[in-house]
Each structure stands twice: as structure tokens, then as C-alpha cells.
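Here is the structure we will look at.
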Amino acid sequence: MIKLQELEKDVKYVKGVGPNRVQLLNKLGIYTLKDLITYYPREYEDRGKTIKIYKLEDETESLIEAITISNVIEIHTKKRNMTMYKLTVKDDTGICNIIWYNKSYLKTIFKIGHRYNFYGKVKIKNGNIEMIEPTFDINGQNNNTGKIIPLYPLTWNLSQNTIRKIIKNGLDSIEDKLIETLPDYILKENNLCDINYAIKKIHFPEDFNEFKIARNRLVFEELLKMQLLLLSLKSNATEINGIQFSNKIKINDIVDKLPFKLTNAQNRVLKEIEQNMESTKTMNRLLQGDVGSGKTIVSILAAYKAVKTGYQVAVMAPTSILATQHLESFENILSEYGIRCKLLIGNTTAKNKQIILDELKEGKIDIIIGTHTLIEEKVQFKNLGFIVTDEQHRFGVKQRNILSEKGNNPDVLVMSATPIPRTLALILYGDLDISIIDELPPNRKKIETYAVTKQLEDRINIFIKKHIDEGRQAYIVCPLVEENEDIKAEAVMSIIDKYKNDIFKDYKVEYIYGKMKQKEKDGIMENFKNGKIDILISTTVIEVGVNVPNASIMVIESAQRFGLATLHQLRGRVGRGEYKSYCILKYEGNSELIRKRMKVMTSTTDGFLISEKDLELRGAGDFFGTKQHGLPDFKIANLFEDITILKKVQAIATKIINEDKFLEEEKNEKLKKMCEQKILL
């Protein structure tokens, strides 16, 4: 049998790889034989059924079997560096022109009167049938046609043919001798195929039934591993005795004195948190709420209870500017109760930092608010009892744990403005209890959202100028900083000049992007907040950020490039003041998917509904935009498509952990090994 160590061998030793291709595979995250055989196809093409030429339909991918009736003709086009090569073929129902571009080697390949298979995209113009850039085989050979073909995510200079051959060689080298990773009873009870069948057929199925059987097994295993790990974490956490905060200090004591009324959702969540805090078990709670739903005030009120019981509080935010904003919010509410709050961020001067560190250690500071600076070794507490981390997906579990270890099993509240459907959240954050604020405060202004194409650009620019002339400010968000070969989206650097020196040359325009130094970013955001900048052009770095009540317009360039959840997060940057606010989504493309997504954004501002639609329309792979935050990076599972398997697996994992908490029974030996190694085949 093939052991784990053999699967860890360098991919360069697989037949067909070598020193040049190994670098291309590394770019795809393929370093070992295991990485190679678990590099699953992104989709499949059914190239098994031929269709007669007269039945071909425009804009479809089809397979034809035809005889060549001409040689390849070379045609020079008007486009520079573009040469067309045309081959004419026929079957007993009609004629089709096969078109390729810049492939001169094809001129000598085809022989008149010979039969070939062609698979490609069909174009029909004025009754003339063309097939563009097809793949082909000599009739009788099945290298590229005549079967189901897997298609893989690629990198530059690596073709589908090449990666298919390399994966085939990798599979041949293990000869169906992988060690089974799931216990027999799991396989039998859930009617799952064995690991060797699954790995082989996920890459090269003979038919789609084989693919379904293989995929079902691999998805099941991936989700089972995740659920077992999460349930183990939660089970361990509930065993630990934590701090029992005083039941004599009630959060409601100060709720009535707030300058505003809490929503029913906020009151419900505060009750859940208070019950946690007064119990002997350590609290690990995720607080989910839409942008502007009032999560911060909930954390402030919980912090009040912790401090008045005699403990210190740490609040960790992802950016200095957000930490500074939190300091203002905490001080506004808590200063009258004699609670001392301090800020510790990267640009705190050395002298002030030392004073803060000393006072924190001596217990003279009640609440410390900062960035990841808080997890530095020199930051010590006298009596840390309560931790708040804001925007959970920006911090890993590891960072959260480092901060927790500075106290004696402190209660932890993690906040996220990224709405995830409740059923999914319960499964994904299995190590945390979940509270959801699903109601916006009554004073939040509705943000008018419009989806527009490039044709309306001039009108949008006039609209922006009008509002700036009235004293407002605007955000313009772009997907990328540099032009990218693969994503032809307008980037910050390519439009900054157009906006700054041409369209909005009479206004104060600045730009901000992720690779800037934090100090520089914070300075620009501070100037924008203080009204010294009219228009801020940015990447998604402003998705989590500062509160600018005077900003009333959000324009998002190439909106089709973003996930709905990210668009919703960005939209939430406006509508925070007294002024009517607008979000303008400028999109390109006219596919049904793009139209559906734009319709979702213009028809609702409910973040949880949007997150469900995002999962439905895009799947979990890109749930949070260009980069995934918070959700596990699954190799094959899709959290929308596989929600039925996910629920089934959660029930199975719960039963396993309830019966055998530490997976010590002989029948669970393989599950224990899988969880310990944190591996999936």
C-alpha cells in the first residue's frame, strides 16, 4: 500500500514534470504527489457524443465527426499580430469552417479526405457555420475527444493537455494502492466508494454517474473532517471552567442611560452574552451583524460588566484607524462610569507605549484597545477577563488564542460584519456559539443602489460633482491595483490619473490601496474622515474601516468582479450620517449571472439574504470576494450545493463525538489519524 510518506514526495519526480514544469505546478499550490492527485478538476466537458453539422446551434460547445475537404488556408486579418487559419470540413448533413488563430503548425497536420473529431464553440453567421479554436483528434483516437474531459484551474504556460497527462502519470504511479482514510462502518452506513475509486474517477470518469459517486465520497470526507475538528474544539472549550462574572452587575443598569434606544435584536443578543458571562463555562461567542447593526455598543456594554466585576478587557481591531474609532466609541459611553480606556497601536510612541504597558500590568487600565500589537509578548495584564476581536475573519484562531493565553480562560466575543446564512454559520463556526443581530437601528438611512453600464459614466460623474458641491464626499472602489493578465478590470493606478487630473481635477482626490504602508493608509483615511479629501479612490481596503458620516456616494468600478457579500460590505461604508446616500455599481458584461447578481444588490439591503444569494449564485469558493475570509478553503466541497451532505455529516460527527469524544475506540482509529494529521487525501 502507498503510505503517507510516499505521497509527500516532491512532484518534480512524477513522470512528465521535470525542473521547468515543477515551478508552474508550484504556482498552483502543487508541491507533492498528494497535492497533485488532489488537484481536482474545476469542471468537465462531455466530449463523448457527436452531433450532426446541420443540428449545430450558435454559441454552444459541440463535438462533430467530419471529413476534411480543403487544406488549411492562411488568412491575414486587420488586427496586428493576428493570423487566421481556416479548414473546411463536412459530414453527410452540411459544411463547417474550422477557425484557429496564430497556430501556423496546423497547416501541415490535416489531410484531405481524412476523418477527424472536432470539439469547440460554434458560431453561426448568416447561415455559415464555424467552429472556433476547437480541440481535435484523428477519428478513432480518444486523446482530446470521445469522452468526459476534466478541466483544471491553470497558470500561464501550462496547458490542459499537459496537466491532464501529469495527473494521469501521478495516478498511475500509485496503482490504486492508497490506504483507505475512512473507517469501514462509515463507508458502509453511508454507501460511499473507497478512496482509490474516488481519486481515480474524480479525475477521469467514464460517465457522469462515476463522477457523482466519486465526488460524493470526497465531499463527505472533507466536510466530516471539518466537523470533527470543530466539534472537538467546542467540546474541549466547554470542559474548561472560566470566569463567572457577577450577577449583581447588570448590563441593563446602563442601557436605560444610553442616548439612544437599543433594537430588540441587540437586547436579545445582550441577554445571551450576559447569561454566558454569569456561567462558569468560558464564553466563545461569534456576534454576527450587518454593517451598521450596532455590534460595537453590544461589546461596550459587555465590557462594562467585565470591568465592574473586577477584570480587564482587550479589544483587538484589524486596523489602527478602526481601533481609534473604537476608543472614541468606548470612551463616549464608559468614561462617566470611571472606566479607563487606552489605545495601543503600531504608531504609539515608544515613551507612551511603555507607560501603557506598565499601567496595563499594574491594572490601572481597564480596557485596552489596539491592533495585533496586543498579542506581542511584552503586553501583559494584571487580570484579563474579557476579549473582543472585531472583524473576526481578519484574525486567525491562533492570534485569538495568543491573546486568550494572557488571561486565565477569559470570555471571548468575536464580531463579524460579514453575514453568513444562519444554518451555514452554525455548521462552519462549530467551535463558537452564535448570536445574530438581524435588525438595523431605526435611524439608519436606506442606501439607494443603482446598477449601470459604461454608457452612463458621464451622468454618474455629473451626479458625483453635484453632491460634492453640496458638501458631501464620495468613495470610488476598484478591484485591483495593477492591470492583470487574467482580470481585465480597471485598476486604481490606471484610473487615478483620469479622475484626479481630468474628470475631477477641480476637487481634492486621493487614493489608497492594500500594499501602502499602514501609516500612510491611516493618514489618508484620517484626512478623508476630517473632510480634507473630496473623493477617495480605493481597493477593498476600505471594506473594514472608518466611519465617515459625510460620505454619501459609493461608486464601485467593475462591480461584476466582486462577490455580493463584498459589494454589500462596501455599500455599508455610506449611509452613516444624516444625508441620503447612494451606491452605484458600474458593471461590464451581459450574462444572465451578472444581471441576476446586480438585481440582488439593487433589490435588497438585507445582508443575510444577500449572503444566501451569493452562495447560491457563486458557490462558497468566492463567497467573500476575490479572497476568501473566514470560510475554510475547501478543495472540492461547495457549501451551497453540498448543504444536504453538510447537514448529514454534522449529525454523524455529533454522534461520533458524543459516543467517543477523543476518538479512542478502535473503529474510529482512522478518523483520529485524519484529525491529528489534519489531512485529506
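Where a number appears in this text, it was derived from the coordinates with a stated rule and is not lab data. The shown structure was predicted, so the numbers you read here are calculated from the model rather than taken from an experiment. Note that each Cβ is placed from the backbone with ideal geometry, even for glycine, and that neighbours are counted across all protein chains shown.
Considering Cα pairs under 8 angstrom that are at least six residues apart, work out the relative contact order of region 48-146 and quote it in whole percent.
Values: 227 pairs, mean separation 29.1, N = 99.
Computed over region 48-146, the figure is 29 percent.
Amide H neighbours of I148 under 5 Å, counting only residues 5+ apart in sequence or on other chains, H built in-plane at 1.01 Å?
Result for I148 returns R47.
Counting other C-beta atoms within 10 Å, which of C478, C675 has the fewest, and how do the rest follow? Provide the component values of the computation, followed by the final result.
Values: C478 24, C675 17.
By the 10 Å Cβ count, ascending, the order reads C675, C478.
Determine the calculated [θ] at 222 nm for the chain from helices alone, applying -39500 (n - 2.57) to every DSSP H run no shorter than 4 residues and normalising by the residue count; nearest 500 deg cm²/dmol.
Numbers: 22 runs with 247 residues, N = 681.
Dividing the helical sum by the residues of the chain leaves -11000 deg cm²/dmol.
Would you please state which residues of region 151-172 a label at K9 would reach in this model, taking the label point 7 Å out along Cα→Cβ and a backbone N cut-off of under 12 Å?
170-172
Below 8 Å between Cα atoms, with a sequence gap of 6+, how large is the relative contact order for the chain in percent? Walk me through the numbers on the way to the answer.
Values: 1230 pairs, mean separation 81.2, N = 681.
RCO, the chain: 12 percent.
Given the convex hull of the Cα atoms of region 75-203, what is a quarter of its surface area in nm²? Present the calculation step by step, with values, prior to reporting the outcome.
On the way: hull surface 51.1 nm².
Averaged projected area of region 75-203's Cα convex hull equals 12.8 nm².
Which ³J(HN,Hα) values, rounded to whole Hz and listed in residue order, are derived for region 314-319 from phi using the Karplus coefficients 6.51, -1.76 and 1.60 in 6.51 cos²θ - 1.76 cosθ + 1.60 with θ = phi - 60°, glycine and proline given as x?
The phi angles translate into 10, 10, 10, 10, x, 9 Hz.
What nm distance separates the two modelled labels at D172 and E61, each placed 7 Å from Cα along Cα→Cβ?
2.5 nm
As I understand it, the dipole of the chain uses +1 on the Cβ of Lys and Arg and -1 on the Cβ of Asp and Glu, about the Cα centre. Which of I174, I460, M601 lies farthest toward its positive end?
Farthest along the dipole direction, towards plus: I460.
On a straight-distance basis, which lysines could pair with K271 in a cross-link, Cα separation under 22 angstrom, same-chain partners fewer than 8 positions away excluded?
K234, K248, K250, K257, K261, K281, K295, K305, K308
Label the chain by shape, choosing from rounded, prolate and oblate, from the square roots a ≥ b ≥ c of the eigenvalues of the Cα gyration tensor; if a/c is under 1.5 it is rounded, and otherwise prolate applies when a/b is larger than b/c, oblate when it is not. Before the final figure, lay out each step's value.
Working: a/c = 2.39, a/b = 1.44, b/c = 1.66.
Taking the square roots of the gyration eigenvalues as a ≥ b ≥ c, the chain is oblate.
In whole Hz, with x marking every Gly and Pro, tabulate ³J(HN,Hα) for region 270-279 from phi via Karplus 6.51 cos²θ - 1.76 cosθ + 1.60, θ = phi - 60°.
4, 5, 4, 5, 5, 4, 4, 5, 7, 8
How far is helix 643-659 tilted off the main Cα axis of the chain, in degrees rounded to 10, range 0 to 90?
Long axis of 643-659 versus the principal axis of the chain: about 60 degrees.
Go through region 597-606 residue by residue and turn each phi into a ³J(HN,Hα) via Karplus (6.51, -1.76, 1.60, θ = phi - 60°); whole Hz please, and just put x for glycine and proline.
Residue by residue, region 597-606 yields 5, 5, 5, 4, 5, 7, 9, 8, 10, 7 Hz.
Does anyone have the angle between helix 18-27 and the longest principal axis of the chain? Alpha-carbon axes, 0 to 90°, nearest 10?
That works out to roughly 40 degrees.
How would you order 61-71, 246-256 from highest to lowest mean count of nearby Cβ atoms within 10 Å? Let's see the in-between values first.
Numbers: 61-71: 18.4, 246-256: 13.9.
Ranking the peptides 61-71, 246-256 by packing returns 61-71, 246-256.
May I ask you to compute the full-extension gain from N26 to T77, defined as 0.36 nm times their residue separation minus their alpha-carbon distance, rounded to one decimal in nm?
On the way: separation 51, 0.36 × 51 = 18.36 nm, distance 3.77 nm.
Extra length available between N26 and T77 comes to 14.6 nm.
Roughly how big is region 1-127's charge dipole about its Cα centre, with Cβ charges of +1 (Lys, Arg) and -1 (Asp, Glu), in debye to the nearest 20? Could you put the intermediate results ahead of the total?
Numbers: 24 positive and 15 negative charges, 109 e Å.
Value, rounded to 20: 520 debye.
Taking H as built 1.01 Å from N, whose amide H comes closer than 5 Å to the amide H of K123, not counting residues under 5 places away?
Placed amide hydrogens put E59, E130, M131, I132 under 5 Å from K123.
Distance between Cα centroids, region 130-193 to region 37-84: provide it in whole Å.
21 Å
Within 10 Å, count the other beta carbons around each residue, average over each peptide in 48-57, 193-202, and list them highest first.
Details: 48-57: 14.2, 193-202: 19.4.
Per-residue mean Cβ counts within 10 Å order the peptides as 193-202, 48-57.
Ordered by packing density, taken as the mean number of other Cβ atoms within 10 Å over each peptide's residues, highest first, how do 219-228, 525-534 rank? Mind dumping the intermediate values first?
Working: 219-228: 22.6, 525-534: 18.3.
The peptides rank, most packed first, as 219-228, 525-534.
Place a +1 charge on the Cβ of each Lys and Arg in region 115-205 and a -1 charge on the Cβ of each Asp and Glu, then give the dipole magnitude about the Cα centre in debye, rounded to the nearest 20. Before the final figure, lay out each step's value.
Details: 12 positive and 10 negative charges, 109 e Å.
It comes to approximately 520 debye.
With a/c under 1.5 counting as rounded, go ahead and sort region 273-340 into rounded, prolate or oblate using the C-alpha gyration tensor (a ≥ b ≥ c being the square roots of the eigenvalues; past the cut-off, prolate if a/b is larger than b/c, else oblate).
Values: a/c = 1.81, a/b = 1.18, b/c = 1.53.
Oblate, because a/c is 1.5 or more while a/b does not exceed b/c.
With a ≥ b ≥ c taken as the square roots of the eigenvalues of the C-alpha gyration tensor of region 447-604, please select rounded if a/c is under 1.5 and otherwise prolate if a/b is larger than b/c or oblate if it is not? Before the final figure, lay out each step's value.
Details: a/c = 1.41, a/b = 1.21, b/c = 1.16.
It comes out rounded by the Cα gyration axes.
Using a 10 Å cut-off around each Cβ, can you sort S552, S603 from fewest to most neighbouring Cβ atoms? List each step's numbers first, then the result.
Numbers: S552 25, S603 12.
If I rank by nearby Cβ atoms, fewest first, I get S603, S552.
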